[in-house]
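A quick write-up on the structure given underneath.
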Amino acid sequence: MAPDLAPGIRPGSSSGSDPGERRALRRALLERRLALPTADWASYSSRVCAHLEAGFPQLATMAVGFCWPQKQEPDLRPLIEKWAVAARKGFRALLPVVLAENRPLAFRAWSPDTVMLADRYGIPTPATGEFLIPEALLLPVNGFDAAGYRIGYGGGYFDRTLAALHPRPLAIGVGFELARLDSIGPEPHDQVLDAMVTEAGLFRPARPTT
């Protein structure tokens, strides 16, 4: 069993009904990830990329939205750059653009020579370019559970984006095993992932049997 994340906060203890409890859980999970030694973070990121490449070869021919790594999130850039260099038909690397609070994200194409600017949160984002529709999204997580739900940073951007896009893109969570919970206590607006990838492998959400 994983150790306590913080006094009174345990994996799977979020009820989903107490915003303060979820904030405390999110903060504790983030602190746990930030405490990763740099060598472990680099090793885990490399393994996440390897599992993504092996488990989802179709991504090399799709428009793939990913996130610039922040706060020791998995660094997917080596894999994204590998796909970009391979230049298989259909592949586009996309980064999210925050248009406004409480709105879905937009996406612009990215390549290693793209001119970048820091957005309102200090995250690098393409400075210009047309908005494109992702066919797959690689979503960083602060926490995740076996049912396929994730905890992000609390802004709700990816939940709104997944709910707004039609057809819905393939949604793959990316994170580390230290973020695994029994349950995040999902709320009505929480969007379920299609799969979750960590340094330990690829996991599909547990679906209730009928």
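The values are calculated or read from the model by the stated rules, or taken from the named source; none is laboratory data. None of these values were measured; they are calculated from a predicted model. Methodologically, a virtual Cβ is constructed for each residue, glycine included, from the backbone with ideal geometry; neighbour enumeration extends over all protein chains shown. Surface accessibility is based on the protein's heavy atoms, side chains included, excluding ligands, DNA and RNA. Shrake-Rupley method; radii C 1.70, N 1.55, O 1.52, S 1.80 Å.
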Fill in: the chain, helix-only ellipticity at 222 nm - DSSP H runs n ≥ 4, -39,500 (n - 2.57), divided by all residues, nearest 500
-8000 deg cm²/dmol
Fill in: Percent RCO, i.e. relative contact order, over the stretch 156-210, from Cα pairs under 8 Å lying at least 6 residues apart
34 percent
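What percent antiparallel are the DSSP beta bridges of the chain, to the nearest 5?
Counting only bridges with both partners in the chain, antiparallel ones make up about 45 percent.
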Worksheet entry | the stretch 63-209 - convex hull of alpha carbons, volume per residue in Å³ | 129 Å³
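Give the relative contact order (percent, whole number) for the chain; include only Cα pairs under 8 Å separated by 6+ residues.
24 percent.
Excluding residue 169 itself, what net charge comes from residues whose Cβ is under 11 Å from its Cβ, given Lys and Arg +1 and Asp and Glu -1?
-1
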Item to complete: Express the relative contact order of the stretch 75-144 as a whole percentage, based on alpha carbon pairs under 8 Å and six or more residues apart in sequence.
Response: 24 percent
Worksheet item: What whole number of Å gives the distance from the Cα centroid of the stretch 163-191 to the Cα centroid of the stretch 82-145?
Response: 18 Å
Response to the item:
Charge tally for neighbours of residue 144 with beta carbon under 15 Å away, counting Lys, Arg as +1 and Asp, Glu as -1, is -2
Worksheet, complete the sentence: Put 26, 77 in order of accessible area, largest first, probe 1.4 Å, and you get 77, 26
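Below 12 angstrom from the Cβ of residue 92, what's the summed charge of the other residues (Lys, Arg +1; Asp, Glu -1)?
Around residue 92, the charge tally is +1.
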